[in-house]
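Report on the structure given below.
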Amino acid sequence: MAEIQQQASGGGKGGKKRAKKMSTKIDMTPMVDLAFLLLTFFMLTTTFSKPTVMQVTMPVKEKKEDDPTVLKASDAFTVLLGENNKIYYYEGLLDATTKPELKLSSYDANGIRKTLLDRRRANPGTVVLIKPDDKSNYKNMVDILDEMNITDQKKYALVDISKSDQDLIKTSGL
């Protein structure tokens, strides 16, 4: 706020009147208060706006080429993400000699989650191979990654779906 201070004229005798000198002083206290208030407000709101995301640990690409790790069929559990929000699974690996039994499941506690928990209890060394189809949607992949997190599955991999897996879905009739 600006204050105007006036000084009274010098002698009270009836002579010439001097021009009044006005001095202006601006009080900076409210402006400093406002600056600190805004600073506090913005510091507080930036701590609230931190995004929450799920941590996805991706393997580091090694420069040397070793033989790929061989996965035993008894430790493998394959999950196929199909179109129209369908999820299929089978135990083991798909190869030319064996045709596994394909089963249909759902994305809830009594579906794939129960199956993953039962499989993990039976074989703690289970490795889940997640194979999304080209026609599956992104939400299904996020849902199955959430299920891996909920069931505390330590070993899982996102793998490209093979032609034989797609043929298995088509011929299953599920």
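The values are calculated or read from the model by the stated rules, or taken from the named source; none is laboratory data. Everything numeric here is computed off the predicted structure, so don't read it as measured data. Please note: Cβ atoms are built from the backbone with ideal geometry, for glycine as well, and neighbour counts cover all protein chains shown. With ligands, DNA and RNA removed, areas are computed over all heavy atoms of the protein, side chains included. Shrake-Rupley method; radii C 1.70, N 1.55, O 1.52, S 1.80 Å.
Annotations
- Against the main long axis of the alpha-carbon atoms of the chain, helix 163-172 sits at an angle near 70°.
- Relative contact order of the chain: 17 percent, from C-alpha pairs under 8 Å at least 6 residues apart in sequence.
- Local electrostatic count, Asp165, Cβ distance below 9 Å [Lys/Arg +1, Asp/Glu -1]: 0
- Percent of beta bridges antiparallel (DSSP, the chain, rounded to nearest 5): 60
- Distance between the modelled labels on Lys170 and Phe41, one decimal in nanometres: 6.3 nm (7 Å Cα→Cβ projection).
- Two-decimal Rg/Rh across region 76-172, once Rg and the Kirkwood Rh are taken from alpha-carbon atoms: 0.92
- Assuming charge only on the beta carbon of Lys and Arg (+1) and of Asp and Glu (-1), the dipole of the chain about its Cα centre is about 1940 debye to the nearest 20.
- Between Leu117 and Thr98, the modelled labels are 2.7 nm apart [label points 7 Å from Cα along Cα→Cβ].
- Exposed-site-free run, longest, the chain (rule: GluC sites (Glu not before Pro); DSSP loop; at most 11 other C-beta within 10 Å): 102-174
- Heavy-atom surface of the chain, accessible at 1.4 Å and reported per residue (Å²): 80
- Judged by the mean number of other Cβ atoms found within 10 Å, the most tightly packed of the peptides 110-118, 51-59, 164-172 leads the ranking 110-118, 164-172, 51-59.
- For region 19-49, the list of trypsin sites (Lys or Arg not before Pro) that fall in a loop by DSSP and count at most 13 other C-beta atoms within 10 angstrom reads Lys20, Lys21.
- Gain upon complete extension [Ile26, Thr52; 0.36 nm per residue less C-alpha separation]: 4.7 nm
- Of the residues Leu38, Leu104, Ser74, the one whose Cα sits farthest toward the positive end of the charge dipole of the chain, with +1 on the Cβ of Lys and Arg and -1 on the Cβ of Asp and Glu, is Leu38.
- Cα gyration tensor category, rounded, prolate or oblate, for the chain with a/c compared to 1.5: prolate
- When peptides 129-140, 28-39 are ranked by their average number of other Cβ atoms within 10 Å per residue, the highest-first order is 129-140, 28-39.
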